[in-house]
Amino acid sequence: MTRYLLPILAALTLSACGDGSDPQVTPSAGAQSPASQPPAPAPGTGSAPVQLAALPSGPDLANGQRQFRRCQSCHTMTEGGRHTVGPNLYGVLSRPAASAPGFSYSRALRESGLNWDRETLDAWIENPRLLVPGNRMSFVGLRNAEDRRDVIAYIASETGGHPEHDEHHERGEHGDRDGHGDDD
């Protein structure tokens, strides 16, 4: 009997990560319908990636929470929370990849040398297999740049990070933390 249950459970686990579509998410006011949006270029096709800072508006935490639902089948993000299929994400921003104690990471991720800042998380969430070939994360990726920005902001807000800033994005054009030219 377990011979039949194990493949079924494995298939259900992999399908829980989703294919990047979320039929329950409705477009926000003023958003284009999916049919009118141009298709996103495939990663690595030579087109410039969308930079999080270049997106026209700030993060939508409610959308981030909706987008995170597809992550919940493999990740928790409470302080001191347990690892499941994937590691607990509490404190993930600004920590080195493959550094959560007690989780068995793939060799590819352990040797990647990555640090989880917003831009790296963005690339990871867009296509984990492209960023770190050989990693074990089964998620196919989230192609929409705004959805990625929102889920990263949601993770940051729920895990003790800053929803709109991390240490790589805190410095304003004046070189200080808040962009006003003072040192506080």
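Summary table below
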| read-out | value |
| --- | --- |
| Dipole magnitude of region 66-168 about its Cα centre (Cβ charges: Lys, Arg +1; Asp, Glu -1), debye to nearest 20 | 560 debye |
| In Å², nearest 10: area of Thr78 left accessible to a 1.4 Å probe | 90 Å² |
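The values are calculated or read from the model by the stated rules, or taken from the named source; none is laboratory data. Keep in mind the model is a prediction, meaning the values are calculated, not measured. Because the Cβ atoms are built from the backbone with ideal geometry, glycine has one as well, and the counts that use them run over all protein chains shown. When the accessible area is computed, the model is the full protein with side chains, heavy atoms only, and any ligands, DNA or RNA have been set aside. Shrake-Rupley method; radii C 1.70, N 1.55, O 1.52, S 1.80 Å.
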